[in-house]
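Derivation of every value follows stated rules applied to the coordinates shown; laboratory data play no part. Quantities reported herein were computed from a predicted structural model and do not represent experimental measurements. For neighbour counting, all protein chains shown are included, and Cβ atoms are generated from backbone atoms with ideal geometry for every residue, glycine included.
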Amino acid sequence: MSSKLSATQIAWRAAQDIADGAYVNLGIGFPEMVAKFQPPGCEAVFHTENGILGFGEAPRPGEEDWDLINAGKKAVTLKAGTAFFHHADSFAMVRGGHLDVAILGAYEVAETGDLANWSTGPKGVPAVGGAMDLVHGARRVAVITDHVTKDGKPKLVKRCSLPLTGVACVTRVYTSLAVIDVEGGHFVLREKLPSLSVDDLQAQTGAELLVPGPVADLVVPEL
Amino acid sequence: MDKIIPSLSEAVSGIPDGAVVMIGGFGGSGAPIELIHALIDRYLSTGSPRNLTVVNNNAGNGHVGLAALIEQGMVRKLICSFPRSADPRVFTERYLAGEIELELVPQGTLAERIRAGGAGIPAFYTPTSYGTDLAKDKPVEEFDGRPYVRELWLKADFAIIKAHKGDRLGNLVFNKAARNFNPLMATAAAVTIAQVTEIVEPGAIDPEAVVTPGIFVQGVVEVANPAQEEDLNRAGAAYPEKAA
């Protein structure tokens, strides 16, 4: 196994925690991959902000229906049992506590559970979409991310330096190196790559990692 | 009662300079491209309407629809959640040049503000944006021990929306995820004009299936075979068409 998980492998690991029948929103981009790796026998119902519950996979090229897209504006397909609804109902599902899981990307996650994933600062055109809504209401708000930035800086930090998406909202982080819960204002290590010591991991993490119990090996198939 | 308007040009003829106009759609799905282009045609021949405040989830894509409206300089202010797209250059350039104002609203808050506007609810509290830059200067109150941000309703002078079928009473049904903001905007505007792919006789839409009841709609105009923004952009289209 390589020294870190690929994006696809992180998505696979996050998918293993989605229960059968769960209502799930996947953030646009990287998190959309999670849908491909549901464990056998587990069927989640996927929600998209623009008003679909229970959509299917992408259509073949040339078969797109542009009235049938997801929040990332990518074409999806119908499944038996799909439901359509308007935007206010869609966000009632989000804020009203009806979703089981939201899985999002991140620039930074703080040990307090604060999330920064919508803005890299005052330059350019700001765009927020549904990110600030999604972090409130879902029973679990999980983040999938590389453990460090492209420059090797920690993405798991004591306090976010970038503009916040939400305060104390993240409950679990799946990274390229570990699975970490956010509990009581601390990062709690649950799983790590077997090739990595806790000290190695701590060195790449910008806040203290608590290790109150056994740490499982993070083992993911080659994908 | 007959709310049918015979032409697109008549459908958009009453929108004045400075109006607040809600435009339905999420990206290209549910976007009333033909009504937007009719508005551009009117502007090109009469110089009006201009200084519009537009409410839409996005800020246009390419050089058709909302992007084309912005490209003509007809929009003074945009209220939206996500002013990015595959080709956002039209908005981006004007925004960075200070030529268009942006009010950025989280998507669910945008939807609920429009819903509240249509429902006669002047303000509401939401957990969304608490503790972030987008909650700056907004009142916060605790309910059951959690902080919530106060947001205000959003109303419009006009809404231009797209539906699948409509009847002369204004009852509408939508097509798949092209529903999105369209039914909400219909409720929140003083005048709502819907372009529909097909006008049907009253009764042809099952009353159990009506999504937007006709009370929220003031005009219905038929546009058979409406364009899809995504198809236009893939074909490299611009509006108005550039002379060859």
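Principal axis analysis of the Cα atoms in segment A:1-71 yields extents of 42, 27, 20 Å, listed in decreasing size.
Per residue of peptide B:227-236, the mean number of Cβ atoms on other chains within 10 Å of the residue Cβ is 2. Averaging the sequence gap over all C-alpha pairs within less than 8 Å and six or more residues apart, then dividing by the number of residues, gives chain A a relative contact order of 19 percent. Ellipticity at 222 nm from helices only: DSSP H runs of n ≥ 4 in the protein assembly as shown, each -39500 (n - 2.57), divided by the residue count, give -5000 deg cm²/dmol.
Counting Cβ atoms of other protein chains within 10 Å of each Cβ in B:100-107 and taking the mean gives 5. One equal scatterer on each Cα of segment A:70-223, no solvent, Debye formula: the resulting log10 I(q)/I(0) at q = 0.10, 0.19 Å⁻¹ is -0.41, -1.18.
Between A:S161 and B:E103, what FRET efficiency comes out of the Förster formula 1/(1 + (r/R0)^6) with R0 = 30 Å and r the beta carbon distance, rounded to 0.05? Calculated value: 0.70. Pairs exceeding a 21 Å alpha-carbon distance, out of B:K155/B:K176; A:K4/A:K155; A:K153/B:K136: B:K155/B:K176; A:K153/B:K136. Stokes-Einstein diffusion of segment B:137-240 at 37 °C, 0.692 mPa s viscosity, Kirkwood radius from Cα pairs, rounded to a whole number: 208 µm²/s. The Cα-based radius of gyration and maximum Cα-Cα distance (Dmax) for segment B:8-234 are 17.5, 57 Å. Label positions at A:S3 and A:V198, each projected 7 Å from the Cα along the C-beta direction, are separated by 2.3 nm. Along segment B:183-188 the Karplus relation, 6.51 cos²θ - 1.76 cosθ + 1.60 evaluated at θ = phi - 60°, assigns HN-Hα couplings of x, 5, 5, 4, 7, 9 Hz to successive residues, with x for each Gly and Pro. Sorting A:V128, A:V220 from the fewest to the most surrounding beta carbons within 10 angstrom yields A:V220, A:V128. 3J(HN,Hα) along segment A:7-14, derived from phi through the Karplus expression 6.51 cos²θ - 1.76 cosθ + 1.60 where θ = phi - 60°, amounts to 4, 4, 5, 4, 4, 4, 4, 4 Hz, with x in place of Gly and Pro. Counting every other Cβ atom within 10 Å of each residue's Cβ, A:R159, A:R95, B:R179 order from fewest to most as A:R159, A:R95, B:R179. Taking θ as phi - 60° and the Karplus parameters 6.51, -1.76 and 1.60, the scalar couplings of segment B:84-90 work out to 10, 7, 4, 9, x, 4, 4 Hz in sequence order, x denoting glycine and proline. Cross-link partners of B:K77 among aspartates and glutamates, defined as those whose alpha carbon lies under 15 angstrom from its own and excluding same-chain residues fewer than eight positions apart: B:D17, B:E93, B:E99, B:E101, B:E103, B:D157.
With the convex hull constructed from alpha-carbon coordinates only, the protein assembly as shown shows a mean projected area of 23.9 nm² over all directions.
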